[in-house]
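Okay, structure first, notes after.
What follows is calculated from the coordinates using simple rules that are stated; it is not laboratory data. Computed from a prediction, not measured in an experiment: that's the story for all the values here. Cβ atoms come from the backbone with ideal geometry, glycine included; neighbour counts cover every protein chain shown.
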Amino acid sequence: KPLDVIKDVKTRWNSTLYAIQRLMLLQPSINHLCSTLLNNASTDIRKKGEKLKNHILSEEEFDLCNELIIILRPFDEATEILGGSKYPTLGIITPTIEELK
C-alpha cells in the first residue's frame, strides 16, 4: 500500500511526530525519485528533479528530525496512556508527568 505524507495539524498534539516519522520513512523513496528524475534524458523531467532536489532536506536537517523524534516520542506515549478510555487515568497523571521531566 502506498504511503502518503502526514501533514502536521495544530490541533492534534502528536501530528508533528507522526509527520516527521513518515518523512523519515519516505526519505529513501524521495531520494530515489529525485535521482531518477535528475538522470532522465528529458530536460523537462530533469528540471522537475532539480526542483525536487531544492526541497529535499539536508543530512543535517534529517539528523535534527531524528533528534526531534527522540524528544517527542515520550510525549506521544504519555498522550496514549492518559488518553485511555477503558481505564481510569486520574491516578496516573502525576507519575506520567514526572516521567516526562
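Key figures
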| read-out | value |
| --- | --- |
| Lysines whose Cα lies under 26 Å from that of Lys51, excluding same-chain neighbours fewer than 8 positions away | Lys7 |
| Dipole-positive endmost among Ala78, Leu23, Ile45 within the chain (Cβ charges, Cα centre) | Ile45 |
| Relative counts (whole %) of C-alpha pair distances in region 15-72, using bins that are 10 Å wide | 24, 43, 24, 9, 1 |
| Rg(Cα) / (2.2 N^0.38 Å) computed for the chain, rounded to two decimals | 1.50 |
